[in-house]
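Working notes, structure below.
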Amino acid sequence: MTSTTPQPQGVWAWIMQRVTAVLLIFFLGTHLFVLHYVPENMNINFLGVAARFKSVLYLIVDSGLLALALYHGLNGVRNVLFDFVVASDKRRALTIVLLIVGLAFFGWGAYALTFFIK
Amino acid sequence: MPLTKHTVYPGRGLGMWAFWLHRLTGLGIAGYLLMHILVISTVVGGASNFNEAMKFLKAPIFVLLEMGLLAIILIHGLNGLRIVLFDLGYGVKKQKAIFIALMLIALIPFVIGFAIALPHILA
């Protein structure tokens with residue numbers, strides 16, 4: 001079995017893992033470059049983040065990044081765990097738990113981001 | 001679809017190490033992501049709360065840990081590109097050379113990032 005076999009996590013989850021991977025290379029690359037390689041942004045504080053959040057583009061990029069990273073990360077955890085959890089009812093329960101964790105962290109993270117909008 | 005046996009990568013050599021490295025770095029980054037969301041959400045407690053958290057995390061030990069984070073993100077991201085390439089049908093036969101080439105490319109942003117961080121680690 002090679003890494004290209006789109007089982008057992010489901011074909012759509014497999015495709016979405018690749019799509020989010022490519023998007024993350026661009027979005028996370030931008031995120032890391034802007035925050036950690038551009039000298040004037042490196043001293044991270046509330047006013048600096050709030051200033052960046054005046055840009056709608058930045059807001060879209062950051063909340064998009066939150067959703068993309070959570071989906072890719074938790075689906076990746078699911079892929080790893082599926083090699084050890086084989087029973088389909090347990091896999092279903094695991095998927096539901098990860099989905100709830102993902103939605104909770106997305107909701108909390110998106111809520112927190114609104115505090116930077118002044 | 002129920003499976004009859006485990007599907008853990010059964011190979012040997014560099015490809016196996018790339019596979020396990022991808023999984024371990026992935027799990028590490030996923031754990032960091034959840035922590036990162038919690039740290040940034042200190043802003044819910046007010047701007048000064050957020051600034052204090054950021055100031056706390058400027059300590060040399062955290063900057064050093066961030067270098068580890070940068071390394072595992074670069075490894076995972078660039079090896080991820082390799083996986084996507086294979087899934088599109090390219091490069092499987094040259095998988096070892098592609099892995100080595102991508103890890104050498106990863107060194108460039110790592111060295112630049114390390115040079116930027118070094119004064120903060122030694123501070």
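Take the residues in the stretch A:105-118 that are surrounded by 13 or more Cβ atoms within 10 Å (Cβ to Cβ) and small (Gly, Ala, Ser), then tell me which one is farthest from the other protein chains (Cβ to nearest Cβ).
A:110
Conditions first: (1) within 12 Å of chain A (Cβ to nearest Cβ); (2) crowded, with 17+ Cβ neighbours inside 10 Å; (3) touching a residue at least 40 places away in the same chain (Cβ under 8 Å). Residue B:23 passes all but one, so which condition is the exception?
Only one criterion is unmet by residue B:23, namely (3).
Quick one: would you say residue B:19 is in contact with a Ser or Thr (Cβ under 9 Å, 6 or more places away or on another chain), part of a helix (DSSP H, G or I), at pLDDT 95 or above and among the hydrophobic types (A, V, I, L, M, F, W, C)? Spell out the reasoning first.
Values: in contact with a Ser or Thr (Cβ under 9 Å, 6 or more places away or on another chain): yes; part of a helix (DSSP H, G or I): yes; at pLDDT 95 or above: no; among the hydrophobic types (A, V, I, L, M, F, W, C): yes.
Judged against the criteria, residue B:19 is not a match.
Name the residues in the stretch A:30-46 that are part of a helix (DSSP H, G or I) and either of a type in the set (Gly, Ala, Ser) or surrounded by 12 or more Cβ atoms within 10 Å (Cβ to Cβ) (or both), would you? Before you say what the answer is, go through the steps one by one.
Our first condition is that a residue be part of a helix (DSSP H, G or I); within the stretch A:30-46, this holds for A:30-36, A:39-41, A:46.
Those that are part of a helix (DSSP H, G or I) and either of a type in the set (Gly, Ala, Ser) or surrounded by 12 or more Cβ atoms within 10 Å (Cβ to Cβ) (or both): A:30, A:31, A:32, A:33, A:34, A:35, A:36, A:41, A:46.
If residue A:54 meets every condition in (1) farther than 14 Å from residue B:30 by Cβ; (2) at pLDDT below 95; (3) part of a helix (DSSP H, G or I) apart from one, which number is that one?
Here residue A:54 meets the rest and fails (3).
For residue B:80, work out the one condition from (1) in a helix (DSSP H, G or I); (2) among the small types (Gly, Ala, Ser); (3) over 19 Å from the mean Cα position of the chain (by Cα) it doesn't fulfil.
Answer for residue B:80: the failing condition is (3).
Kindly evaluate residue A:58 against the criterion of being within 13 Å of chain B (Cβ to nearest Cβ), hydroxyl-bearing (Ser, Thr, Tyr) and within 24 Å of residue B:39 (Cβ to Cβ).
Judged against the criteria, residue A:58 is not a match.
Would you tally the residues in the stretch A:82-93 being assigned to a helix (DSSP H, G or I) and surrounded by fewer than 16 Cβ atoms within 10 Å (Cβ to Cβ)?
Residues of the stretch A:82-93 that are assigned to a helix (DSSP H, G or I), as a first pass: A:82, A:88-93.
Now narrow it down to the ones that are surrounded by fewer than 16 Cβ atoms within 10 Å (Cβ to Cβ): A:88-90, A:92-93.
Residues meeting the conditions: 5.
Picking from B:71, B:106, B:59, which residue would you name as being over 17 Å from the mean Cα position of the chain (by Cα) and either of a type outside the set (Lys, Arg) or at pLDDT 95 or above (or both)?
Working: B:71 fails: over 17 Å from the mean Cα position of the chain (by Cα); B:106 fails: over 17 Å from the mean Cα position of the chain (by Cα).
Just a single option satisfies the conditions, and that option is B:59.
For the structure I just gave you, tell me whether residue B:47 is free of Cβ contacts under 8 Å to residues at least 24 places away in the same chain, under 27 Å from residue A:46 (Cα atoms) and small (Gly, Ala, Ser).
Values: free of Cβ contacts under 8 Å to residues at least 24 places away in the same chain: yes; under 27 Å from residue A:46 (Cα atoms): yes; small (Gly, Ala, Ser): yes.
Answer is yes for this residue.
Is at least one residue of the stretch A:9-29 facing chain B (nearest Cβ under 10 Å) and either loosely packed, with under 13 Cβ neighbours inside 10 Å or touching a Cys at 6+ places or on another chain (Cβ under 8 Å) (or both)?
Checking the stretch A:9-29: at least one residue is facing chain B (nearest Cβ under 10 Å) and either loosely packed, with under 13 Cβ neighbours inside 10 Å or touching a Cys at 6+ places or on another chain (Cβ under 8 Å) (or both).
Limited to the stretch B:57-98, what total is found for residues that are over 30 Å from residue B:42 (Cβ atoms), touching a residue at least 60 places away in the same chain (Cβ under 8 Å) and within 11 Å of chain A (Cβ to nearest Cβ)?
Here the count works out to 4.
The values are calculated or read from the model by the stated rules, or taken from the named source; none is laboratory data. Since the model is a prediction, treat every value here as computed from it, not as a measurement. Heads up, the Cβs are rebuilt from the backbone with ideal geometry, glycines too, and the neighbour counts pull from every protein chain shown.
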